1. Which whole-number percent is the relative contact order of the stretch 100-240 (Cα, under 8 Å, 6+ apart)?
2. In terms of modelled amide H atoms, which long-range or inter-chain residues lie less than 5 Å from the amide H of residue 89?
3. Any chance you could run the full-extension gain for residue 241 through residue 285? It's 0.36 nm times the residue separation minus the Cα-Cα distance, nm to one decimal.
4. Rank these by accessible area, largest first, 1.4 Å probe: 277, 126.
5. Let me check I've understood the local charge: for residue 236, count other residues with C-beta under 15 angstrom from its C-beta, Lys and Arg +1, Asp and Glu -1. What total comes out?
6. Report the label-to-label distance for residue 80 and residue 209 in nanometres (one decimal), using points 7 Å from each Cα along the Cα→Cβ vector.
Amino acid sequence: GTEALPQRGALPRRTGRSRPAGRHRSPHRLTVPSDAPSLILAIPGPASAAPGGLADEIAASARLSCPGVDVRIGYLAGDVHRLEDSLQFPAGSGGEFELRAVVVPALVGPHPVHDEAVAAAAERATAPVMVAAHLGPHPLLAEALHARLADAGLARSSRARGMSIVTGISGVLVLADRGEEAVKAAGVSAVLLAARLAIPVTPASLGDQESLQFALARLREAGAARPAISPCVIGPETRAEEIEAVRAMLGAPSAPPLGAHPAIGQLVSIRYGAALTRVAMASSAG
């Protein structure tokens, strides 16, 4: 089940209130007990289809923010390293926490198929586990989208040099994964990205021609007839061919997916910490 709560006093503490300057600032670090629940990173698709090293890079980044926490990787499909296998625990006490694991989906927003797979695996766990929130919306996602546009030569990495966007680009189409809820989540990142770049930015849903046409019309109305594409996806949850199809249809340049950008690992640790805080507060209230 997913209802078990940790004992009182299990609230994770953040250390260090200031963050050093720099493009990839150090994340807030969580201080948790040595027997804190495992952090299980849930990756869509099978291990065989995941881009080389992507999950390992995200997990390594999360470990920097959660020193001492057992970080594991579980895939939502395939025959090896499956999420449900990562949620099998030996019988016995979980230490200070009854909760044995927090599953953090590697998803920036809602996804009907992958969310259902995560929930089903959590239900089959042999000990109490909890599913954390999606990684977005969060300001770190806008930072990562900006960085990926810069990686593709479509934007300048710093806002301190005047115009952030390169010549020839007048707007950005933020591609969310399918579904209205995913577009809503990406819309928050689009607003934050627009503030960073000082140009129109609009979200649209992959696999939804009506959503794409509506977004393009909004960009044209805002004077952005030459948009760049900014995929608001990590990668494994989406077929690369779908992004390429949009790029080809528009004849527009595209940034790469977010992948293992440092912000993704930071967000994984943030969602893990928030989950622990939530159950600890519920336990104290009870």
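1. Numbers: 238 pairs, mean separation 37.8, N = 141.
Normalised by residue count, the contact order of the stretch 100-240 is 27 percent.
2. For residue 89, whose amide H was placed from the backbone, the distant partners under 5 Å are 126, 127.
3. Values: separation 44, 0.36 × 44 = 15.84 nm, distance 4.84 nm.
Separation in residues times 0.36 nm, less the Cα-Cα distance, equals 11.0 nm.
4. On the way: 277 40, 126 80 Å².
From most exposed to least exposed: 126, 277.
5. Details: positive: 82, 178, 239; negative: 56, 57, 115, 177, 237, 241, 242.
Spelling it out: positives minus negatives among the neighbours equals -4.
6. It works out to 4.1 nm between the two label points.
The values are calculated or read from the model by the stated rules, or taken from the named source; none is laboratory data. Keep in mind that what you see is a predicted model, and the values were worked out from it rather than measured. Neighbour counts are summed over all protein chains in view; Cβ atoms, including those assigned to glycine, are modelled from backbone coordinates with ideal geometry. SASA here: full protein model, heavy atoms, side chains in, ligands and nucleic acids out. Shrake-Rupley method; radii C 1.70, N 1.55, O 1.52, S 1.80 Å.
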